[in-house]
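J.: Got a structure for you, written out below as structure tokens; questions coming shortly.
The values are calculated or read from the model by the stated rules, or taken from the named source; none is laboratory data. From a predicted model like this one, the values you see are computed outputs, not experimental measurements. Here Cβ is always computed from backbone atoms with ideal geometry, including for glycine, and neighbour counts include all displayed protein chains. Side chains are part of the model used for accessible areas, which takes the heavy atoms of the whole protein and leaves out ligands, DNA and RNA. Shrake-Rupley method; radii C 1.70, N 1.55, O 1.52, S 1.80 Å.
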Amino acid sequence: MFKRRRDRREGLPLLPVTPALVVGVGVAVAIAITLLSLADLRRASDQASSLRSRAIAATLAARLRVTGSEDRVDVVQSAARGTYADILLINHEGHVVVDASLGPPSRADLVRCLLAGSGVLDAPLLGRTRFAVQPLGPPLEQLSVIAMVPAPQTPHEARGLVSAVAVLTALLVGAAGIVGYVFASDVRNDVTYVRRRIAAMATADTDPAGAPIPVRALDQVGVLTSAFNQLVARFSAAERTYRQDLVFASALDAERSAFLAALSHELRTPLNAILGFADVLLSEVEGTLDPETREELGVIRTSASHLRSLIDDILELSALESGGLKLAREAVDVYAIAEEVVREQRPLADAKNLALSVEGMNGAISDADPRRLRQVIGNIVGNAIKFTQKGSVRVVVEDNGGGEVVVHTIDTGPGIAPAERAAIFEEYAQAGDTAARRKGTGLGLAIARRLLRMHGGEIELSSVVGEGSRFTFRLKAFAQEVA
């Protein structure tokens with residue numbers, strides 16, 4: 001079983017992250033600048049050492065060409081001391097003739113130097129150097145001068161460069177960190193202020209709209225605050241419109257209730273008069289009636305009774321929708337109520353040759369409205385008789401052993417198609433043939449369901465087309481009123 005999780009992005013706190021980010025970026029940039037500067041410094045140092053070794057070798061070779069053999073050692077050593085370079089005078093086979101160095105390279109290295117003419121040489125005692133070879137020329141073409149100038153991997157100036165960059169970086173990064181901290185602190189304070197104002201608006205004892213949140217800065221927080229104020233303004237306008245519509249709807253509902261009450265009085269008065277005079281005439285107090293007249297009076301009385309029942313249904317639904325109908329609760333016996341309903345409905349069932357019966361046992365409920373419960377059972381049974389053309393209608397009352405009284409109304413009518421089962425519990429909706437639909441308003445089952453829900457119960461339907469239907473409702477033995 002999977003649980004749906006709400007998408008949530010966890011963010012880092014702004015106040016410590018912003019200065020740390022500024023410091024981290026500043027240090028990274030300083031390191032990059034230092035590395036690039038060291039590379040440029042190393043390249044410049046190598047170029048200077050190379051030029052210096054060429055100059056020393058060329059100058060010393062020109063001087064040795066005019067110097068006697070007995071003075072060559074002094075000239076080479078004097079040049080080495082004056083230039084702080086390591087100088088060798090070698091022959092074309094790589095043998096050292098005059099040595100003015102801390103330690104000459106091997107003969108193999110010297111031969112490679114003669115062949116290369118210039119380049120980089122790593123000697124055990126001399127370290128990394130840039131060398132230049134300059135032959136003496138005729139008549140001393142078998143001799144060559146090798147000038148070796150130190151060119152360390154890390155130039156001596158690198159330490160000063162690193163120190164200067166470190167000091168500058170510390171100053172700039174420190175200043176940037178302070179600015180970042182101040183900025184982050186200001187943003188955090190603005191966000192905290194907005195959050196507190198929104199939290200205050202969300203409390204139960206305050207107006208949801210409240211006063212607009214002041215925009216304290218023209219940054220992203222200010223834009224967010226302004227957008228929130230616009231949203232609150234739109235919400236307030238929608239709420240005002242809703243309240244106005246609600247007042248208007250309440251006024252219309254009150255007018256409708258008043259109209260229905262007045263209409264009920266105006267319609268019931270003549271209907272009662274019609275029913276009363278029809279009963280008087282049918283009682284033959286004024287004289288004996290012939291069969292045709294009796295039949296016509298019966299039609300008048302039946303039509304008037306039907307019209308009165310339609311008016312009663314509409315008024316009942318109006319009271320249920322407006323909440324004006326209240327339950328008068330007391331201890332009731334559902335089986336006894338079902339028996340009364342069956343006795344009342346039996347003439348209708350006999351007129352259609354239907355077998356109408358009640359079965360089961362006493363169904364005691366300690367807290368229910370007997371009049372409304374009778375109305376529920378009467379609506380369901382009357383609906384079953386109306387749509388059943390042959391067979392039977394049975395009312396079964398039972399106790400399911402779980403503290404509930406269950407009432408089944410079973411008929412052998414045409415059945416209800418699956419597509420129509422939900423609609424029959426809606427107001428003014430009916431199923432079945434057209435002739436049967438004309439006999440009512442389609443409010444009986446809708447009123448029954450509303451009354452059952454007020455008792456804390458619910459009605460269910462199971463049906464097979466062509467075989468019949470079963471309406472079942474359950475009530476708790478200790479029912480509770482539902483608003």
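J.: Between a first residue in region 398-409 that is under 20 Å from G378 (Cα atoms) and of a type in the set (A, V, I, L, M, F, W, C) and a second residue that is open to solvent by less than 10 Å² (accessible area, probe 1.4 Å) and in a loop (DSSP other than H, G, I, E, B), which pairs have beta carbons less than 7 Å apart while being 6 or more apart in sequence or on different chains?
T.: V405/G363
J.: Yes or no: V194 in a helix (DSSP H, G or I), buried (at least 17 other Cβ atoms within 10 Å of the Cβ) and at pLDDT 75 or above?
T.: Yes; evaluated as a whole, the condition is true for this residue.
J.: Quick one: in region 1-51, which of the residues that are modelled with pLDDT of 70 or more and of a type in the set (D, E) is least open to solvent (accessible area, probe 1.4 Å)?
T.: D46
J.: Taking R343 as meeting all but one of (1) out of contact with any Lys or Arg (no Cβ under 9 Å at 6 or more places or on another chain); (2) closer than 20 Å to S309 by Cβ; (3) open to solvent by less than 30 Å² (accessible area, probe 1.4 Å); (4) not in a strand (DSSP E or B), write down the number of the exception.
T.: Going through (1) out of contact with any Lys or Arg (no Cβ under 9 Å at 6 or more places or on another chain); (2) closer than 20 Å to S309 by Cβ; (3) open to solvent by less than 30 Å² (accessible area, probe 1.4 Å); (4) not in a strand (DSSP E or B) one by one, R343 breaks only (3).
J.: Mind checking which residues of region 276-295 are surrounded by 12 or more Cβ atoms within 10 Å (Cβ to Cβ) and acidic (D, E)?
T.: D279 - this is the single residue of region 276-295 that is surrounded by 12 or more Cβ atoms within 10 Å (Cβ to Cβ) and acidic (D, E).
J.: With the condition kept exactly as written, say whether any residue in region 383-395 is of a type in the set (A, V, I, L, M), part of a helix (DSSP H, G or I) and surrounded by 18 or more Cβ atoms within 10 Å (Cβ to Cβ).
T.: yes
J.: Would you call G442 in contact with a Phe, Trp or Tyr (Cβ under 6 Å, 6 or more places away or on another chain), at pLDDT below 85 and either part of a helix (DSSP H, G or I) or not aliphatic (A, V, I, L, M) (or both)?
T.: Considered against the rule, which asks whether it is in contact with a Phe, Trp or Tyr (Cβ under 6 Å, 6 or more places away or on another chain), at pLDDT below 85 and either part of a helix (DSSP H, G or I) or not aliphatic (A, V, I, L, M) (or both), G442 comes out as yes.
Rundown of residues vs (1) modelled with pLDDT of 80 or more; (2) part of a helix (DSSP H, G or I); (3) closer than 20 Å to G298 by Cα, yes/no style:
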| position | (1), (2), (3) |
| --- | --- |
| Q244 | yes, yes, no |
| R256 | no, yes, no |
| L260 | no, yes, no |
| H265 | no, yes, no |
| R268 | no, yes, yes |
| L271 | no, yes, yes |
| L275 | no, yes, yes |
| A278 | no, yes, yes |
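J.: Then there's this: Going through P414, P370 one at a time, which residue ends up being open to solvent by 30 Å² or more (accessible area, probe 1.4 Å), within 14 Å of Y335 (Cβ to Cβ) and in contact (Cβ under 8 Å) with a residue 24 or more places away in the chain?
T.: P370
J.: Turning to a different aspect of this structure: Please go through region 396-411 and give me each residue that is open to solvent by less than 60 Å² (accessible area, probe 1.4 Å) and at negative phi, ordered by number.
T.: Of everything in region 396-411, those that are open to solvent by less than 60 Å² (accessible area, probe 1.4 Å) and at negative phi turn out to be V396, V397, G402, E404, V405, V406, V407, H408, T409, I410, D411.
J.: Filtering region 203-221 down to residues that are out of contact with any Asp or Glu (no Cβ under 9 Å at 6 or more places or on another chain) and open to solvent by 80 Å² or more (accessible area, probe 1.4 Å), which residue is modelled with the highest pLDDT?
T.: In this case the residue turns out to be P212.
J.: Name the residues in region 356-367 that are under 49 Å from the mean Cα position of the chain (by Cα) and either surrounded by fewer than 18 Cβ atoms within 10 Å (Cβ to Cβ) or among the β-branched types (V, I, T) (or both), would you?
T.: I365, S366
J.: So L114 passes all but one of these: (1) open to solvent by less than 70 Å² (accessible area, probe 1.4 Å); (2) under 30 Å from D40 (Cβ atoms). Which condition number does it fail?
T.: (2)
J.: Taking only pairs six or more apart or across chains, which ones have beta-carbon atoms under 6 Å, a first residue in region 288-301 that is free of Cβ contacts under 8 Å to residues at least 40 places away in the same chain, and a second residue that is surrounded by 14 or more Cβ atoms within 10 Å (Cβ to Cβ)?
T.: L297/A278; L297/L281; L297/L282; I300/A278; R301/A278
J.: For the list (1) farther than 30 Å from V397 by Cα; (2) touching a helix residue (DSSP H, G or I) at 6+ places or on another chain (Cβ under 9 Å); (3) modelled with pLDDT under 75; (4) not aromatic (F, W, Y), I need the number of the one condition that V285 fails.
T.: (2)
J.: Right, L126: out of contact with any Lys or Arg (no Cβ under 9 Å at 6 or more places or on another chain), open to solvent by less than 50 Å² (accessible area, probe 1.4 Å) and without any contact (Cβ under 8 Å) to a residue 60 or more places away in the chain or not?
T.: yes
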